[in-house]
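The values are calculated or read from the model by the stated rules, or taken from the named source; none is laboratory data. This structure is a prediction, so every number in the text was calculated from the model and none was measured. Here Cβ is always computed from backbone atoms with ideal geometry, including for glycine, and neighbour counts include all displayed protein chains.
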Protein chains: 6
Amino acid sequence: MPTVRVTRKVHFSAGHRLARPGLSDEENRELYGACSNPAGHGHNYDLEVTVRGEVDPDTGYVIDLKRVKELVHRAVVDDVDHANLNVDVEWMEGVIPTAENLVVRIWDRLEGNLDGAELVSLKLWETERNMVEYRGE
Amino acid sequence: MPTVRVTRKVHFSAGHRLARPGLSDEENRELYGACSNPAGHGHNYDLEVTVRGEVDPDTGYVIDLKRVKELVHRAVVDDVDHANLNVDVEWMEGVIPTAENLVVRIWDRLEGNLDGAELVSLKLWETERNMVEYRGE
Amino acid sequence: MPTVRVTRKVHFSAGHRLARPGLSDEENRELYGACSNPAGHGHNYDLEVTVRGEVDPDTGYVIDLKRVKELVHRAVVDDVDHANLNVDVEWMEGVIPTAENLVVRIWDRLEGNLDGAELVSLKLWETERNMVEYRGE
Amino acid sequence: MPTVRVTRKVHFSAGHRLARPGLSDEENRELYGACSNPAGHGHNYDLEVTVRGEVDPDTGYVIDLKRVKELVHRAVVDDVDHANLNVDVEWMEGVIPTAENLVVRIWDRLEGNLDGAELVSLKLWETERNMVEYRGE
Amino acid sequence: MPTVRVTRKVHFSAGHRLARPGLSDEENRELYGACSNPAGHGHNYDLEVTVRGEVDPDTGYVIDLKRVKELVHRAVVDDVDHANLNVDVEWMEGVIPTAENLVVRIWDRLEGNLDGAELVSLKLWETERNMVEYRGE
Amino acid sequence: MPTVRVTRKVHFSAGHRLARPGLSDEENRELYGACSNPAGHGHNYDLEVTVRGEVDPDTGYVIDLKRVKELVHRAVVDDVDHANLNVDVEWMEGVIPTAENLVVRIWDRLEGNLDGAELVSLKLWETERNMVEYRGE
């Protein structure tokens with residue numbers, strides 16, 4: 001059977017502040033610019049979840065994308081949507097909430113939890129001009 | 001001379017929390033849902049600024065859109081980008097930072113400050129599905 | 001209080017066939033081209049619902065857009081999403097399912113059913129290049 | 001019968017240079033900035049053509065949008081696509097090819113030439129951030 | 001010479017119904033949800049065709065994208081646009097018209113028929129949130 | 001540390017004409033169609049620059065995307081924005097300004113000049129339907 005990649009886009013809105021523990025506000029501003037503003041800011045995030053698998057000849061699906069949506073909402077979106085990534089999300093503890101760290105932690109939440117489908121790529125758009133992609137490498 | 005409307009889109013990312021002063025966190029959650037999360041969240045905002053005027057026969061412009069961009073950045077974007085609308089923006093004091101209140105306050109910042117061009121509409125997208133428009137009524 | 005227009009976008013996918021009762025397939029093909037293909041085709045529709053009202057000073061809202069979404073889903077999207085507009089939708093009976101007729105019937109479903117908010121515009125995108133707007137005129 | 005506005009989007013790519021006759025290159029650079037670069041530059045333009053009319057009860061159409069596309073291509077797109085607006089387009093002679101002047105001239109090409117449909121708005125996007133609208137005022 | 005990938009996007013609108021032969025309507029509804037609605041529904045599909053090759057030093061092209069468009073329209077779009085994928089398209093016979101099965105059959109239509117260019121990827125968007133990609137594996 | 005790809009989108013508007021030296025205008029029209037129009041035309045180009053690297057545990061960044069933007073503007077956008085690719089851009093000399101040749105030359109401008117980050121992909125959209133990608137092969 002042919003192997004196809006299937007992608008589901010989901011959206012969430014979250015707040016964050018970029019700051020390294022142990023640095024002063026001035027040092028963080030030098031490092032992160034306006035992203036270190038102490039009161040925080042936020043973004044509308046777009047997440048593209050891609051899994052790969054053989055097409056099931058009985059259903060014509062690799063995996064039902066409605067099921068992917070459900071699993072991603074349960075494992076990720078329900079926790080981060082309208083939340084503050086610095087203080088509200090247990091599985092973001094201990095890392096600075098850059099897009100890079102966020103996409104890697106989302107991978108850890110999803111890998112092995114997609115009904116057996118193989119996760120191959122996560123793309124996370126923080127703004128319409130900035131995107132990060134993680135492939136589990 | 002013909003009268004033309006010209007529009008400039010600008011972008012900013014900001015944080016906010018919706019909560020009415022005097023209400024408890026539970027009451028605010030009932031009123032605003034997840035938008036009242038105490039630690040705040042945020043959005044990528046798109047703002048469309050529309051002015052109307054006669055086309056200047058010498059330049060072919062109603063107004064140079066680079067100039068509109070410059071004026072909107074100075075009066076609005078520089079204050080709200082990567083800021084928290086509840087605590088960082090002086091001209092948002094005293095109102096709950098809903099999109100409706102934000103677009104009306106932006107109107108007050110821009111009207112009469114566009115080199116004589118007549119402001120006729122502000123559209124503010126908070127997410128790709130939610131938009132508010134103010135026409136000064 | 002200022003008067004603001006607030007817009008919510010919703011999406012649905014539906015099937016349809018354009019054909020005038022009483023005409024032969026050949027006559028309908030002459031009138032509607034490929035849109036009259038007897039086995040039908042379909043589209044991803046985007047609907048923008050705009051209501052107008054004064055900003056409530058207590059909430060900062062004209063109307064909660066989550067509530068608009070809920071009402072539009074109940075009155076419209078639940079009926080048309082993944083449905084065939086020619087045979088599955090009771091309130092489309094008796095009209096050819098063009099975008100024009102669809103947007104007017106959607107207006108009839110929503111007007112007076114938006115918690116008192118004043119409906120002022122419906123925009124319906126049938127493809128990314130074709131759109132119709134109804135303002136109740 | 002209800003009155004509906006129907007919109008068709010078309011696209012074209014064109015070159016232009018902004019410069020006022022009688023001014024030196026330096027003076028034009030002061031007036032138009034990089035837009036006056038003597039060798040010219042160009043854009044992908046998006047044009048939204050909106051007409052208004054009653055819905056024909058026999059067809060369910062205000063006007064067949066395929067027909068609008070055909071008429072707009074014949075009167076406008078065929079002349080400007082992959083052309084230089086300063087030298088190749090007869091009906092742009094005598095004006096500086098700003099978006100404002102272009103949209104007004106396109107109005108003159110289309111008004112009265114849309115099979116009797118009433119032209120009510122032309123929106124012309126020069127970039128994804130700059131747009132002009134003409135309503136025949 | 002450098003090897004470059006070139007991509008052409010095309011669009012079509014089609015109808016379909018997801019149902020496995022031999023299952024009842026109730027069983028298909030359990031399997032496919034609303035996608036199994038007996039009267040069918042439809043989508044606006046976006047297809048991105050990517051070919052790879054060396055840049056021809058004489059033309060600066062891998063392959064003229066106008067030629068790619070022409071070939072894809074002839075082999076694919078002319079058959080599926082405004083068609084019903086369950087009954088109107090000969091080369092979809094024998095498979096359930098999921099996006100996965102559709103993209104694989106489109107690959108079979110295009111591979112070896114692109115003037116010698118090497119087909120490396122097909123991306124098919126069924127909605128703005130659901131996409132499948134086939135790379136011939 | 002995990003390896004992440006980070007992407008920054010930038011935009012520019014430029015003019016060009018496709019014509020092979022030594023061919024007549026008629027021969028170039030046969031080869032390039034309207035793209036060979038002697039007076040030139042132009043496009044809004046979107047460029048996606050992707051670099052790959054390990055996430056720095058101290059900053060949570062692969063590389064600050066504001067720094068990528070700055071470097072790409074300095075090396076590429078400042079030269080091509082509002083310029084004519086046939087005559088104004090020194091590093092385009094000697095090649096026909098197709099998207100393929102442009103993306104390869106941009107690669108040469110950026111590779112090794114991104115503060116040590118590894119350039120892995122450049123995607124260049126010439127129109128919303130035509131895209132080329134170069135990966136340094």
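Does the stretch E:25-44 contain at least one residue that is facing another protein chain (nearest Cβ under 7 Å), of a type outside the set (G, A, S), surrounded by fewer than 21 Cβ atoms within 10 Å (Cβ to Cβ) and in contact (Cβ under 8 Å) with a residue 60 or more places away in the chain?
no
The conditions are (1) within 20 Å of F:T59 (Cβ to Cβ); (2) surrounded by fewer than 16 Cβ atoms within 10 Å (Cβ to Cβ); (3) not basic (K, R), and A:D115 fails exactly one of them. Which is it?
Every condition holds for A:D115 apart from (1).
For residues that are touching a strand residue (DSSP E or B) at 6+ places or on another chain (Cβ under 8 Å) and more than 12 Å from chain E (Cβ to nearest Cβ), tally how many sit in the stretch C:81-93.
Number of matching residues: 0.
Do any residues in the stretch B:122-137 that are more than 7 Å from chain C (Cβ to nearest Cβ) and touching a residue at least 24 places away in the same chain (Cβ under 8 Å) have Cβ atoms under 6 Å from those of residues that are among the hydroxyl-bearing types (S, T, Y) and surrounded by 18 or more Cβ atoms within 10 Å (Cβ to Cβ), where the two are at least six apart or on different chains, and which pairs are they?
These pairs meet every condition: B:L122/B:Y134.
Can you tell me which residue in the stretch D:53-63 is nearest to the other protein chains (Cβ to nearest Cβ), limited to those that are surrounded by 19 or more Cβ atoms within 10 Å (Cβ to Cβ) and touching a Leu at 6+ places or on another chain (Cβ under 8 Å)?
Looking at the filtered set, the residue picked out is D:G60.
Looking at the structure I just gave you, is F:L122 under 20 Å from E:E54 (Cα atoms) and outside any helix (DSSP H, G or I)?
yes
Given (1) farther than 30 Å from A:A99 by Cα; (2) out of contact with any Leu (no Cβ under 7 Å at 6 or more places or on another chain), where does F:A117 come up short, assuming only one miss?
Going through (1) farther than 30 Å from A:A99 by Cα; (2) out of contact with any Leu (no Cβ under 7 Å at 6 or more places or on another chain) one by one, F:A117 breaks only (1).
Got at least one residue in the stretch D:45-53 being in a loop (DSSP other than H, G, I, E, B), modelled with pLDDT of 95 or more and among the β-branched types (V, I, T)?
Checking the stretch D:45-53: not a single residue is in a loop (DSSP other than H, G, I, E, B), modelled with pLDDT of 95 or more and among the β-branched types (V, I, T).
Can you confirm whether the stretch D:72-80 contains a residue that is away from chain F (no Cβ under 13 Å), surrounded by fewer than 22 Cβ atoms within 10 Å (Cβ to Cβ), among the aliphatic types (A, V, I, L, M) and under 20 Å from F:G15 (Cβ atoms)?
no
Could you count how many residues in the stretch F:94-112 are within 23 Å of F:Y61 (Cα to Cα) and at the interface with another protein chain (Cβ under 9 Å from one of its Cβ atoms)?
Residues in the stretch F:94-112 being within 23 Å of F:Y61 (Cα to Cα) and at the interface with another protein chain (Cβ under 9 Å from one of its Cβ atoms): 1 in total.
Do you know which residues across the stretch C:1-24 are small (G, A, S), buried (at least 17 other Cβ atoms within 10 Å of the Cβ) and more than 11 Å from chain E (Cβ to nearest Cβ)?
Listed by number, the list holds a single entry, C:A19.
For B:E70, indicate whether it is of a type in the set (D, E, K, R) and within 16 Å of the chain's Cα centre (by Cα).
Yes: the conditions hold for B:E70.
Exactly one of (1) touching a residue at least 12 places away in the same chain (Cβ under 8 Å); (2) in a helix (DSSP H, G or I); (3) farther than 30 Å from C:D78 by Cα is unmet by E:T7. Its number?
So E:T7 meets the others, but not (2).
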